[in-house]
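Written below as structure tokens is the structure these notes are about.
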């Protein structure tokens, strides 16, 4: 990648919910990034009760902006609050970063440089690897799926062996770590709060592409991620319910005949097979929750804090960011 100047000022929005040591580690890594660009670190706390907001205030002091919400506004509205603040502060671009994601040295600069290589407008995502599985990819951008779940993370679960070491355009980049220029939000809009969590990043990227922006994966930027800490990951019922619910919302907005057909085959007609297979692994609750989510989505229900908390998905604590 050739060297290019980046945006002068970047806002970094971290939505946190009971992040504990993770959110402290996330912020430490950001504050250790050497300028340029200048960073405005904005932590939006969604009603944490674990003492992490107080710990952030003690450790980071005046080096960050801490926005404390009384309740869990969800991943989307939490990010939107931070994005609005970053734009009001005059930031040229905004990074969305999960509270359990940690930038490696130079990651912000590499993303900013790639943004300038594509003309200073668009969306850039880094190479994301598992924080607790060295050398294993979590995502190298994303692709619209030919099968179930609408979108899929590229390379997830595979060895970081060089296959994804080339910068290229992708269908979307996950909101775990995403850099977008100011004009993306001004022209394509903010995150859709009706998603609450999951698919909001795919939706944003597709809206940006419809406005003519490029979506680019940049492997020179690396981020470590403790995946799905808040919702449990895998076949956790909360996560699967939200994915089922939001896949329908996504298709209602972006669905073509082919996408709806794939959804009908793989997510609806073959759902009993998915339940039976999941039951053999002891994960039937997750598959059943996804089915309930799909049904609620077809009924027009939107995701909210109650749904995300397990009220519709089968118990457990409310999640924060995915």
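I need the full set of residues from the stretch 236-280 which are surrounded by 19 or more Cβ atoms within 10 Å (Cβ to Cβ) and in a loop (DSSP other than H, G, I, E, B), in order please.
236
Of everything in the stretch 64-98, what is farther than 16 Å from residue 191 by Cβ and part of a loop (DSSP other than H, G, I, E, B)? Give them in sequence order.
64, 70, 71, 89, 90, 91, 92
Would you say residue 44 is crowded, with 21+ Cβ neighbours inside 10 Å and touching a residue at least 60 places away in the same chain (Cβ under 8 Å)? Working first, answer last.
On the way: crowded, with 21+ Cβ neighbours inside 10 Å: yes; touching a residue at least 60 places away in the same chain (Cβ under 8 Å): no.
No, not satisfied.
Yes or no, residue by residue, for (1) under 23 Å from residue 296 (Cα atoms); (2) under 20 Å from the mean Cα position of the chain (by Cα); (3) not assigned by TED's automatic domain parsing to the domain that holds residue 191:
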residue	(1), (2), (3)
206	no, yes, no
215	no, yes, no
225	no, yes, yes
245	yes, yes, yes
254	yes, yes, yes
269	yes, no, yes
279	yes, no, yes
283	yes, no, yes
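Residues are listed down the side, and each one gets a yes or a no for (1) in contact with a helix residue (DSSP H, G or I) (Cβ under 8 Å, 6 or more places away or on another chain); (2) without any contact (Cβ under 8 Å) to a residue 40 or more places away in the chain; (3) surrounded by fewer than 24 Cβ atoms within 10 Å (Cβ to Cβ):
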site: 190; (1), (2), (3): yes, no, yes
site: 200; (1), (2), (3): yes, no, no
site: 216; (1), (2), (3): yes, no, yes
site: 219; (1), (2), (3): no, no, yes
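Here is a list: 129, 136, 124, 170. Which entry is in contact (Cβ under 8 Å) with a residue 24 or more places away in the chain, within 30 Å of residue 260 (Cα to Cα) and surrounded by fewer than 24 Cβ atoms within 10 Å (Cβ to Cβ)?
Numbers: 129 fails: within 30 Å of residue 260 (Cα to Cα); 136 fails: within 30 Å of residue 260 (Cα to Cα); 124 fails: surrounded by fewer than 24 Cβ atoms within 10 Å (Cβ to Cβ).
Testing whether each residue is in contact (Cβ under 8 Å) with a residue 24 or more places away in the chain, within 30 Å of residue 260 (Cα to Cα) and surrounded by fewer than 24 Cβ atoms within 10 Å (Cβ to Cβ) leaves just 170.
With part of a helix (DSSP H, G or I), surrounded by fewer than 19 Cβ atoms within 10 Å (Cβ to Cβ) and modelled with pLDDT under 95 as the only criterion, which of 60, 34, 55 stands out?
After applying the criteria, what remains is 60.
The values are calculated or read from the model by the stated rules, or taken from the named source; none is laboratory data. Since the structure is predicted, the reported quantities are computational estimates derived from the model, not experimental observations. Every residue, glycine as well, gets a Cβ built from its backbone with ideal geometry; the counts of neighbours run over all protein chains shown.
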